[in-house]
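Here is the structure we will look at.
The values are calculated or read from the model by the stated rules, or taken from the named source; none is laboratory data. Predicted model only: the values in this text are computed from it and were never measured. Backbone-built Cβ (ideal geometry, glycine too); neighbour counts: all protein chains shown. Side chains are part of the model used for accessible areas, which takes the heavy atoms of the whole protein and leaves out ligands, DNA and RNA. Shrake-Rupley method; radii C 1.70, N 1.55, O 1.52, S 1.80 Å.
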Amino acid sequence: MRSTVAWRLLRHDRSATAGALLGVVAIVFLVGQQLSILFGLLQYMSVLVDHSGADVWITSASVRNVDAVNLIPGQYLERVMGLPEVAWAAPILFGNGLMRTADDSFEAVRLVGLHRPRLQGGPWALAQGRVQALLDLESAAVDRLDLKKFAHPALGSLTEINGKRVRLTAITEGARAFQGTLVFLPLDQVRDMAQTPPGRYSAILVGFQPRADQQTALARLRALLPECSVLTTAELSRRTQLYYLTNTGIGGSFGFSTTIAVLIGIVIITLTMYASVLQRTRDFAVMRALGGRRRDIAVIVLCQAVIVGGIGIFLGLFLLAALLNATRGSDIPSFLPAVVPPLLAGITLLVSLLGSLVALRKALQADPASVFH
Amino acid sequence: MADLRLENIARDFYDGRQLRRVLFPINLTFKPGELTVLAGPSGSGKTTLLSIIGLVLRPSEGRMWLSGREVTGLADDVASKMRLATYGFVFQQPMLIDGLSVQDNILLALGIQGAHIPGVVRQRVAELLTSLGLADTARLPPQMISGGMKQRVSIARALIKDPAIILCDEPTSALDAENGQVVMGILKKIAVAEKRLVVVVSHDARVFPFADRLIKMENGTVVADTAAGKPQGLDVAS
Ligand SMILES: Nc1ncnc2c1ncn2[C@@H]1O[C@H](COP(=O)(O)OP(=O)(O)O)[C@@H](O)[C@H]1O
Ligand SMILES: [Mg+2]
């Protein structure tokens, strides 16, 4: 009966209910939207690491993020290969460059040099062309969403990076980084373009034997190369994301905007629920006189908060899904890990309950004696 | 069946500057099967007394027994439970809740503490409404029916619990003469035929003929207590 009453009162007090719903929807939608961009950017930050297909990344010591690695000697490759747990090891070389665009301007790019023939750490999804095209020394691959920056060059067209001739032979899908525009090239080309000394690499990617024990293999690698950072792909990914989150304004900015969204939501919910309870003070006094305990009044008010929260969460998530769907494949970074919607729903429900507390206080003050006057 | 005994019940109110006594020690006993009318001028303390009897207001002094059990200063939850189980209220205004149908307003008197309401109770609501001349109003929202009908719905809300005690504060004052007579007739029948303890507060002389017992109050004291016409000894503590 009490939950039915809660529902009926909500249905009757339409404008107040709509206001409170708006507060909930605002929280779910705004926070969800902010989080999807944040997680999208997080993905950008570690995109090369996450899609490298390696078990372990070996880099210069004390690495903070994958973009700030010193060169390491190529001799490490042979030492690593000597371990029985290691199935393969491949070097990767990063560099910076300027790429001539189709309209004769230049675009700063992040060069990713891949070792042939494995091309490990290279493109994992292509919009056009084939990965094998990168086996050709002059070939290069850029991302579909970056084509605009290069003034829409045609597949197969010639251009130059740092004065070296390259041919656009493949278009990648989803290879966008936080730190710059990625261009995949054969490793030797990058060495030439960035003028790095021969026999030195940015990192060595390692794949373990399928049956090797990861922990043992990792420990042996670390013992073998004490002068290097030996991190699992997941560790390096996390470290890189954390670095950018805490050392750029991103973490703070997203934290601030989501906090504001939640606060505005709480304020809206609080005000509208308080206003609606205020109008119902007499009714709550009647319920008390009829034999309702304070706890019964609380049940009704909290039920209202849960109902408004539930419907608002549903609507908010629906709108959020519509937005994410509409912007999928666009150049707006967006990604929601599966845990986020339920978490967001839980937190929003909590926030709705929090927002109803002021109203609850007011409702509990309803004095049964007042109905006699 | 229940009887109520008041012993030196008094009440003070703080009016912002000083404590003012609005009810001087009162000794009264109410019996089931009769309709008691509590009369007196405005401000004489009738509502205050009724609120104390109804367990929504605590006396400042004195003690009170309901069927031999002391009910002075009950904890809030205990008082609520007792109101739910034993009391039916009819107020000056019908005090129906907007947004709930006539039927749900009545059922709320049973379900406010969360009890499950079996289907047969709805049948009883329909019968009760019919007996009060409110057939076919169960599904209507309260704002669709007249003031007199609303007040009868509020009587139905009091009666659905089958309460031993029914307390009414000026139940006819918001009604026209005809509806007032109808409501009083219903309350009289409830008291006498169904052996309930009914107390009606009113300063309206038109309700006096329905009284089995007429208690008159003035300035917070009982000044007369007469049973069905013939005067009785005053039961007032000075
Ligand atoms: N909650 C309250 N606070 C202060 N004074 C009150 C309160 N309730 C009633 N009174 C005072 O008590 C007196 C009796 O009031 P009441 O019992 O309502 O009289 P009646 O119902 O006979 O008109 C009045 O003077 C009124 O102002
Ligand atoms: Mg009064």
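Go through the range B:68-109 and report how many residues are part of a strand (DSSP E or B), in contact (Cβ under 8 Å) with a residue 60 or more places away in the chain and either within 7 Å of another protein chain (Cβ to nearest Cβ) or open to solvent by 30 Å² or more (accessible area, probe 1.4 Å) (or both). Don't jump to the end; show me each part of the working.
Narrowing the range B:68-109 to residues part of a strand (DSSP E or B): B:69-70, B:87-90.
Applying the additional criterion that residues be in contact (Cβ under 8 Å) with a residue 60 or more places away in the chain yields B:87-90.
Next, from what is left, pick out any that are either within 7 Å of another protein chain (Cβ to nearest Cβ) or open to solvent by 30 Å² or more (accessible area, probe 1.4 Å) (or both): B:89.
The qualifying residues number 1.
Does the range B:19-29 include one or more residues that are free of Cβ contacts under 8 Å to residues at least 24 places away in the same chain, within 9 Å of ligand 1 (Cβ to nearest atom) and out of contact with any helix residue (DSSP H, G or I) (no Cβ under 6 Å at 6 or more places or on another chain)? Don't jump to the end; show me each part of the working.
Step one: list which residues in the range B:19-29 are free of Cβ contacts under 8 Å to residues at least 24 places away in the same chain, which gives B:19-20.
If we keep only those that are within 9 Å of ligand 1 (Cβ to nearest atom) too, we end up with B:20.
Subsequent filtering for residues that are out of contact with any helix residue (DSSP H, G or I) (no Cβ under 6 Å at 6 or more places or on another chain) retains B:20.
Yes, the conditions are met somewhere in the range B:19-29.
Only one of (1) within 30 Å of B:Val153 (Cβ to Cβ); (2) within 16 Å of ligand 2 (Cβ to nearest atom); (3) open to solvent by 60 Å² or more (accessible area, probe 1.4 Å); (4) out of contact with any Pro (no Cβ under 8 Å at 6 or more places or on another chain) fails for B:Lys31. Which number is that?
Checking B:Lys31 against (1) within 30 Å of B:Val153 (Cβ to Cβ); (2) within 16 Å of ligand 2 (Cβ to nearest atom); (3) open to solvent by 60 Å² or more (accessible area, probe 1.4 Å); (4) out of contact with any Pro (no Cβ under 8 Å at 6 or more places or on another chain), the one that fails is (2).
Check A:Arg288, A:Arg282 and return the single one that is in contact (Cβ under 8 Å) with a residue 60 or more places away in the chain, farther than 27 Å from A:Gly312 by Cα, open to solvent by 60 Å² or more (accessible area, probe 1.4 Å) and within 14 Å of another protein chain (Cβ to nearest Cβ). Talk me through it step by step, then tell me what you get.
Details: A:Arg288 fails: open to solvent by 60 Å² or more (accessible area, probe 1.4 Å).
A:Arg282 is the lone residue from the list that is in contact (Cβ under 8 Å) with a residue 60 or more places away in the chain, farther than 27 Å from A:Gly312 by Cα, open to solvent by 60 Å² or more (accessible area, probe 1.4 Å) and within 14 Å of another protein chain (Cβ to nearest Cβ).
Would you please name the residue that is modelled with the lowest pLDDT, looking only at residues in the range A:109-138 that are assigned to a helix (DSSP H, G or I) and of a type in the set (A, V, I, L, M)? Steps first, please.
Step one: of the range A:109-138, the residues assigned to a helix (DSSP H, G or I) are A:131-135.
Subsequent filtering for residues that are of a type in the set (A, V, I, L, M) retains A:131, A:133-135.
Working: A:Val131: 87, A:Ala133: 90, A:Leu134: 90, A:Leu135: 92.
The qualifying residue modelled with the lowest pLDDT is A:Val131.
Of all residues in the range A:350-373, how many are open to solvent by less than 60 Å² (accessible area, probe 1.4 Å) and either more than 16 Å from ligand 2 (Cβ to nearest atom) or of a type in the set (A, V, I, L, M) (or both)?
Qualifying residue count, the range A:350-373: 13.
Can you name the number of the only condition in (1) open to solvent by less than 40 Å² (accessible area, probe 1.4 Å); (2) under 28 Å from B:Leu107 (Cβ atoms) that A:Pro333 fails?
Tallying (1) open to solvent by less than 40 Å² (accessible area, probe 1.4 Å); (2) under 28 Å from B:Leu107 (Cβ atoms), A:Pro333 fails exactly one: (2).
Determine, yes or no, whether A:Ala18 is free of Cβ contacts under 8 Å to residues at least 12 places away in the same chain and open to solvent by less than 70 Å² (accessible area, probe 1.4 Å). Spell out the reasoning first.
Numbers: free of Cβ contacts under 8 Å to residues at least 12 places away in the same chain: yes; open to solvent by less than 70 Å² (accessible area, probe 1.4 Å): yes.
Yes; evaluated as a whole, the condition is true for this residue.
Can you tell me how many residues within the range B:48-61 are open to solvent by 30 Å² or more (accessible area, probe 1.4 Å) and in contact with an Asp or Glu (Cβ under 6 Å, 6 or more places away or on another chain)?
Within the range B:48-61, residues that are open to solvent by 30 Å² or more (accessible area, probe 1.4 Å) and in contact with an Asp or Glu (Cβ under 6 Å, 6 or more places away or on another chain) number 1.
Can you report the number of residues in the range B:141-177 which are open to solvent by 10 Å² or more (accessible area, probe 1.4 Å), away from every other protein chain (no Cβ under 14 Å) and in a helix (DSSP H, G or I)?
Qualifying residue count for the region: 4.
Only one of A:Val5, A:Val63, A:Val24 is of a type in the set (A, V, I, L, M, F, W, C), open to solvent by less than 10 Å² (accessible area, probe 1.4 Å) and within 15 Å of A:Leu205 (Cα to Cα). Can you tell me which?
Working: A:Val5 fails: within 15 Å of A:Leu205 (Cα to Cα); A:Val24 fails: within 15 Å of A:Leu205 (Cα to Cα).
Sole residue among the options that is of a type in the set (A, V, I, L, M, F, W, C), open to solvent by less than 10 Å² (accessible area, probe 1.4 Å) and within 15 Å of A:Leu205 (Cα to Cα): A:Val63.
Exactly one of these conditions fails for A:Ala212: (1) assigned by TED's automatic domain parsing to the domain that holds A:Ala127; (2) closer than 26 Å to A:Gly113 by Cβ. Give me its number.
So A:Ala212 meets the others, but not (2).
I want to confirm something. Restricting to the range A:208-266 and keeping residues that are in contact with a strand residue (DSSP E or B) (Cβ under 7 Å, 6 or more places away or on another chain) and among the small types (Gly, Ala, Ser), which single residue is farthest from A:Gln33 (Cα to Cα)?
Looking at residues that are in contact with a strand residue (DSSP E or B) (Cβ under 7 Å, 6 or more places away or on another chain) and among the small types (Gly, Ala, Ser), I get A:Ala217.
Pick from B:Ala138, B:Ala211: which is away from ligand 2 (no atom under 16 Å from the Cβ) and farther than 30 Å from B:Asp104 by Cβ? Show your work before the answer.
Values: B:Ala138 fails: farther than 30 Å from B:Asp104 by Cβ.
One residue alone meets the criteria, B:Ala211.
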